[in-house]
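Heads up, the thing below is written out as structure tokens.
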Amino acid sequence: MKTRTVIHGGIFLSSCLIALTAIPGAAAPVPDADRRPRMTLEALKKELPQAVARWGGADTKVKLVRRFAKDEAKIVLVKEDHDDKGKRLPDNDAYMIIYLRYFEGTWTSTRFEASWLYDNDEGKRMTYAIMLAIDQIGEK
């Protein structure tokens, strides 16, 4: 067999293989390992406003629920402040960030950060109660 024939055969075979990989649907579907964490976080997101209102009061709102890694997420809550007449005072709002981790099919709270001073026992108690509620929602 001539060298030229072998080279042309190799080029033809390579071209065929490249063309086959470009055909849509030719490869086996990739399993969606990310589906379960997404679905369980969406379910948590739906139940979260009621749990937050129960433990934080009607003025505590869910502002954000976001995954930032395949097994980590955060929830941002704001406790809105009002004056004696009911006027909103957004400069005095308190913010809480609760961090979650996905493990063994469930999202669970791991820690929190807050905008208030560390010795605010009422704020810590409220946040711990919300974290417990998140963990209980995850167990359902």
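No value in this document is a laboratory result; all are computed from the given coordinates. Remember, predicted model here, so these are calculated numbers, not experimental data. For neighbour counting, all protein chains shown are included, and Cβ atoms are generated from backbone atoms with ideal geometry for every residue, glycine included.
Numbers for the structure displayed
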| read-out | value |
| --- | --- |
| Rounded to whole Hz, the Karplus (6.51, -1.76, 1.60) HN-Hα couplings of segment 78-92, x for glycine and proline | 10, 9, 6, 9, 9, 7, 4, 8, x, 6, 5, 10, x, 5, 9 |
| For Ala43, net neighbour charge (Lys/Arg +1, Asp/Glu -1) across residues whose Cβ lies under 13 Å away | +3 |
| Where GluC sites (Glu not before Pro) fall in DSSP loop in segment 54-115, at most 11 other Cβ within 10 Å | Glu104 |
| Positive-end residue of Met126, Tyr99, Phe112, charge dipole of segment 35-139 with Cβ unit charges | Tyr99 |
| Global geometry of segment 35-139, whether rounded, prolate or oblate, following the gyration tensor of its Cα atoms and the 1.5 cut on a/c | prolate |
| Which of Ser109, Ser115 has the fewest Cβ neighbours within 10 Å, and the rest in rising order | Ser115, Ser109 |
| Lysine pairs with alpha-carbon atoms under 15 Å apart, segment 35-139, spacing 8 or more or separate chains | 12 |
| Cα-based convex hull volume of segment 70-131 per residue, rounded to whole Å³ | 102 |
| Alpha carbon convex hull of segment 28-74, projected area averaged over orientations, nm² | 3.8 |
